[in-house]
Amino acid sequence: MALLLTPLGPPPEWLRHFKAELPDLEVRLWPEVGNREEIEIAAVGSLPHGELALLPKLRMIASLFAGQDLLLGDPRLPDVPIVRTDTAEGSQSMTETVLLHVLRHHRFLPQYHDQQQRRAWKPLPRLRPRDTRVGIMGLGPLGLAAARTLRDYGFDVAGWVRRPREEPGIAIFHGPDQLAAFLARSTIVVNLLPPTPALRDVLNRETFALLPKGASVINLGRGTHVVDADLIAALDSGQLGAATLDVFRQEPLPPESPLWAHPRISVMPHVARRLEIDEIVPRIAENVRRLDAGQPLVNLVDRGLGY
């Protein structure tokens, strides 16, 4: 059996961990495919559309990305199971990123940076965590882990999800009908929604207007969730106080983009979540063993939902 891998990070480290977990598995590094009929597993972030369809014996795809839009966007994607490499516990690096930026906005660091550029000395209110209402858009494994951490830190946390559920200490809003109420109570919004067509442009002029005046937006989902021109207009009008963006419609962000120079926007180069090879390879290996044993796979992607 062979596995096709698009390594995100040092290939020797990937090979070392696969050797430890599955010593009889042959790992081939894209684009060195070799005999395509021998490849039964693909562990990939992204490939040119149609490439996976050229693997006639493919039995499983392990997605290395948190979002499935690039993979599911392949019109010739084979009809085989797709498994995620995140767990129900989420990603420590993503949780750290959420906590970092929520604290930055909670303590008005973007505003102080703007004041520094203008040599303005203006102390702003110092809030306690319980005074700050954080809203997490999307409570999948990544969002839920982050929401629980913020809750335990003392923030007033709510989540907006597709279907109703319960989570101790976190107010849950669900569906389009409850989006307005969710936004109205959120002074910091963190977007971790999946990249589905229904959620494209969800953060726009209308939704920004529903937030409390001076609210902050942190986008860690996809660039297509935010209408950039509407975000800039909301910042310029004072409706929004600041924004942190880690994802963009075009990456790398073009030098001519107005997002770079805006004084209330913090630009991060898509670094919120880091793949930990020593954690991800064992998860892939578990599903390879389950596949061989005819057992149910874990962390399956629902193609209908898009995640």
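The values are calculated or read from the model by the stated rules, or taken from the named source; none is laboratory data. Predicted, not measured: the structure shown is a model, and the values here were computed from it. As a convention, Cβ positions derive from the backbone with ideal geometry for all residues, glycine included, and neighbour counts pool all protein chains shown.
When the helices (runs of 4 or more DSSP H) confined to segment 1-112 are screened for residues that are aromatic (Phe, Trp, Tyr) and either in the same structural domain as Gln250 (by TED's automatic domain parsing) or buried (at least 17 other Cβ atoms within 10 Å of the Cβ) (or both), those reaching at least 1 such residues are found at 11-21. When Gln68 is tested against (1) touching a helix residue (DSSP H, G or I) at 6+ places or on another chain (Cβ under 8 Å); (2) touching a residue at least 60 places away in the same chain (Cβ under 8 Å); (3) within 17 Å of Ile280 (Cβ to Cβ), just one condition goes unmet, and that condition is (1). Looking only at segment 55-71, residues that are of a type in the set (A, V, I, L, M) and within 16 Å of the chain's Cα centre (by Cα) come to 4 in all.
Select from segment 242-274 the residues that are modelled with pLDDT under 95 and crowded, with 18+ Cβ neighbours inside 10 Å and list them in ascending order. Those that are modelled with pLDDT under 95 and crowded, with 18+ Cβ neighbours inside 10 Å: Ala272, Arg273.
Confirm whether Gln115 is farther than 28 Å from Phe65 by Cα, crowded, with 19+ Cβ neighbours inside 10 Å and over 19 Å from the mean Cα position of the chain (by Cα). The answer is no for Gln115.
Looking at Arg151, Arg165, which is the one that is more than 23 Å from Ser266 (Cα to Cα), surrounded by fewer than 16 Cβ atoms within 10 Å (Cβ to Cβ) and either of a type in the set (Phe, Trp, Tyr) or out of contact with any Asp or Glu (no Cβ under 6 Å at 6 or more places or on another chain) (or both)?
Details: Arg151 fails: surrounded by fewer than 16 Cβ atoms within 10 Å (Cβ to Cβ).
Of the residues listed, the single one that is more than 23 Å from Ser266 (Cα to Cα), surrounded by fewer than 16 Cβ atoms within 10 Å (Cβ to Cβ) and either of a type in the set (Phe, Trp, Tyr) or out of contact with any Asp or Glu (no Cβ under 6 Å at 6 or more places or on another chain) (or both) is Arg165.
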